Each structure stands twice: as structure tokens, then as C-alpha cells.
Amino acid sequence: ETLNVQQSRDPNAEKHLCLASGSSVLTQSGFKPIELVDVGDSVLTHKGRWRPVIAKINTGVKPTIRLKAHGVPDLWLTPDHEVWGRKVPQGGVPNAVYARKRAKKAVPAWEQAQCMLGSYVNLKLPKIKDTRLYSNDDLWIAGRWLGDGHFGGRDELILSCGHHETKELIKKLGKRLGFVNDTNTAAQIRIKDLGGKIREIIGNVCRGASNKQFPAFAFSLPVDQAKSLLDGYLSADGSFNEARNRISATSISKNLLLGAALLIQRVYGVSASVFPGRPERESVIQGRSVHCKQDWSLSAYLTKEGQRIKPFLLDDGAWKKVSNIDSTEDRETWCLKVEEDESFTAEGCIVHNCPMPLNITNRAIVLWSNPGDVLW
């Protein structure tokens, strides 16, 4: 692996193309910061397949750029790192409609991130698995818990809601309704988790609202089940503006909103925008001084008949226009290598596998060691 850290003397050769620490990578265990992805984790590739990570290295501190696109909120990567995109030739593009027409004619290819301003990056969904392991009601309740739930003192699943919602939520829970504790500001409702189905859906969610996210299997659910899970979540954190035909949601968990965007793509066939909201701050809530974390926001316009601009979704996934590429900043960076497809999904789009020439080191080991040798 030491050989992989050395830079090639050939200026035209691919070097270590890296993502910055903190970049959210989609694995079958959920979104993980790239530095916490393990060898053996399966990631979603540009072919819409789950493939295992076969190598990972820290490449130190390098200059990085920040790429922002529709639904790509916080992607920091080295300028020459490649993304799966449809390149729009620069110059003379008068409007969004014409830009899309040119993008549709482009052949998807690996393009350097620093050259993608005004072009389009891609997000695919995995194939649907219609196993029907959970009822739509269970999925709705799990979605609601992801929005405003927490663990009780005995590890019970608790929902919090405003008094104006209590009656409707009690009716929705039905036989899953546990005790109801009314306080001055909200109601606390315990969920009877019959058969443990709600916990199965939620998975190994870490404690704390900022750590919540949808389980990765949710992105392979059939449309009706994905909608139940999404509707449950949006009933807590979201809203629908009928006049503008728009879904909105706010959370302190960026990964939760990145997951909601995938569900919206499945259910409604549109691409959701995810972007930073209010920054980390000190605030006063009900007379108490509290430290508030960074807010994240989601917005998705559902299609209307007669709309001039349609969602840019094709047979090969959603295409998201790159709106901004920020100036260079030095950050700690990481490389992943993925089996076969050599790509993975990070921050709402698909990026290239890092070009670590493991075949060279593997050949060297085979050539210069004897059968039965133990390698430390």
C-alpha cells in the first residue's frame, strides 16, 4: 500500500483523487463519513449496484474545492477528482432549457470536478426489491419517529408532537399506541413496537437528532412503501405548499435529508434540493439558552401539467446542475477503491473510485514471496 502514496512522475497520469473528511458516502449500512467507511462496506455505484470497498487510505492534507449542485449540498474534493456527469460545452448557453437539451445529447462520462460548472452530475437509485417485509403502517410510524422521535428512559420508542396533532396521531398509531404523557408544551407518546418491526426498520440509529437517517434498504422499496415511509417523516419535519406544489423539510441531520431526497426521487420522479440552512448558533428556547447545531433544508417541486421546466430525470437517473464551485481550501482527504464499478455515491451524486494501483502491489507480493510465507 506504500507504493500507492507515491505520486507518478508523469504529469498526465492519474494521481490520488480524493474526497475530504466528513464527506457523506452512501453504504448499505447508511450514510457514513468517508473516514469511517470500512473495507468490506458496500457502496452504491454509477451502475446502480452495491459493490464492496476493497481499499481505503488517508492521503493527508490537500487543496480541495467545494462543488454545489441541485441536491449536492457539501461536496469537498480535489479539483481533478472525477464525477459521473453530462458535460455542457461552455459558452453561449442562453437559458436552462437549452442547457438541458445540450446535456441530453452529451454522453455520460467521467469529468473533472473543477470543469463541471454549468454541467450536470448524476444520482441513481438501486433496483427495487419488493420483499414486503413490513406493512405500510409500520413504515409510516418509523418515518414519523425519524422526524420527531427519541428513546425513552427504558429505551422505549417515544414520539413527540404538538397538542394540535395528538388526536390524529393517536388514531394513526391504533394498536401500537402506548401511554400518552401531556406536558405544557407537547405530548409524549410511547409506541408499542409489536414484533419489533419499527426497530427493525429504524436499524442501528445512533442517539441524537443529528445522527438520524433512513436505513439504506429504504431506497430499494417499491413506490407505495417508500411513500409511506416518506409521508411519515414529512408529517414531522416537513410541509407541503399547495400553491407552489412544493415539499419542504428541515433537519439538523444532513444525512436524513439526503435520504429523503432519494425517497422523493423514487416516489415522485423529481430531484430534491438539499442545502445549508441556519448556521450553528446560540439561541433561547422557552427561556433557556441552548446551543443549536447547523440546520439543513430540503425543497422539491412536484410536477405540474404545463410546466415548462420538467425534472431532469432520464433512464440513467437524476441529473443535477452544478451551480457553484468554490475556491481552493486545504483539507484532510481520503481515497476509496471499489470492486468492479470503481465508483460510489457521496453527498448526493456519483464520484469516481480513486485510482490506487493495487494490482501492481499484488503482483509484487506474488513475484517476490514464497508459497507459505506469512506477510505481516
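The values are calculated or read from the model by the stated rules, or taken from the named source; none is laboratory data. Computed from a predicted model, the values in this text were never measured in an experiment. Glycine gets a Cβ as well: all are built from the backbone with ideal geometry, and neighbour counts include every protein chain shown. Surface areas here come from the heavy atoms of the whole protein model, side chains and all, with no ligands, DNA or RNA. Shrake-Rupley method; radii C 1.70, N 1.55, O 1.52, S 1.80 Å.
Tabulated results
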{"read-out": "Residues of the range 198-246 that turn out to be within 17 Å of the chain's Cα centre (by Cα) and β-branched (Val, Ile, Thr), as a count", "value": "2"}
{"read-out": "Conditions (1) closer than 27 Å to residue 236 by Cα; (2) of a type in the set (Val, Ile, Thr); (3) surrounded by fewer than 16 Cβ atoms within 10 Å (Cβ to Cβ): number failed by residue 141", "value": "(3)"}
{"read-out": "Pick from the range 114-132, criterion in contact (Cβ under 8 Å) with a residue 60 or more places away in the chain and under 16 Å from residue 215 (Cβ atoms), ranking: farthest from the chain's Cα centre (by Cα)", "value": "132"}
{"read-out": "Filter result (touching an Asp or Glu at 6+ places or on another chain (Cβ under 8 Å), under 13 Å from residue 135 (Cα atoms) and open to solvent by less than 50 Å² (accessible area, probe 1.4 Å)) within the range 185-199", "value": "198"}
{"read-out": "For residue 122: the one exception among (1) in contact with a strand residue (DSSP E or B) (Cβ under 7 Å, 6 or more places away or on another chain); (2) part of a loop (DSSP other than H, G, I, E, B); (3) polar (S, T, N, Q)", "value": "(2)"}
{"read-out": "Any hit, the range 282-291, residues being under 26 Å from residue 86 (Cβ atoms) and open to solvent by 10 Å² or more (accessible area, probe 1.4 Å)", "value": "no"}
{"read-out": "Top-ranked residue in the range 166-175 [being open to solvent by 30 Å² or more (accessible area, probe 1.4 Å) and in contact (Cβ under 8 Å) with a residue 12 or more places away in the chain; ranked as nearest to residue 249 (Cα to Cα)]", "value": "172"}
{"read-out": "Scan of the range 186-228 for residues that are of a type in the set (A, V, I, L, M, F, W, C) and either closer than 15 Å to residue 255 by Cα or in contact with a Pro (Cβ under 9 Å, 6 or more places away or on another chain) (or both), ordered by number", "value": "201, 202, 205, 206, 209, 214, 216, 217, 218, 219"}
{"read-out": "Test: residue 111 is more than 30 Å from residue 200 (Cα to Cα), touching a Gly at 6+ places or on another chain (Cβ under 7 Å) and either free of Cβ contacts under 8 Å to residues at least 24 places away in the same chain or charged (D, E, K, R) (or both)", "value": "yes"}
{"read-out": "Residue list for the range 220-270, filter: among the hydroxyl-bearing types (Ser, Thr, Tyr), open to solvent by less than 50 Å² (accessible area, probe 1.4 Å) and over 19 Å from residue 130 (Cβ atoms)", "value": "233, 235, 248, 251, 253"}
{"read-out": "Count of the range 67-100 residues which are at pLDDT below 90, open to solvent by less than 40 Å² (accessible area, probe 1.4 Å) and polar (S, T, N, Q)", "value": "0"}
{"read-out": "Residue check for residue 103: open to solvent by less than 30 Å² (accessible area, probe 1.4 Å), farther than 18 Å from residue 258 by Cα, outside any helix (DSSP H, G or I) and not β-branched (Val, Ile, Thr)", "value": "no"}
{"read-out": "Filter result for residue 217 (open to solvent by 60 Å² or more (accessible area, probe 1.4 Å) and at pLDDT 95 or above)", "value": "yes"}
{"read-out": "Selection count, the range 300-352, where residues are in contact with a helix residue (DSSP H, G or I) (Cβ under 6 Å, 6 or more places away or on another chain) and free of Cβ contacts under 8 Å to residues at least 60 places away in the same chain", "value": "2"}
{"read-out": "Subset of the range 253-296 (residues that are polar (S, T, N, Q), outside any strand (DSSP E or B) and closer than 22 Å to residue 211 by Cβ)", "value": "253, 255, 294"}
{"read-out": "Matching residues in the range 125-142 - criterion: being modelled with pLDDT of 95 or more, part of a loop (DSSP other than H, G, I, E, B) and of a type in the set (Asp, Glu)", "value": "none"}
{"read-out": "Filter result for residue 121 (β-branched (Val, Ile, Thr) and open to solvent by less than 30 Å² (accessible area, probe 1.4 Å))", "value": "yes"}
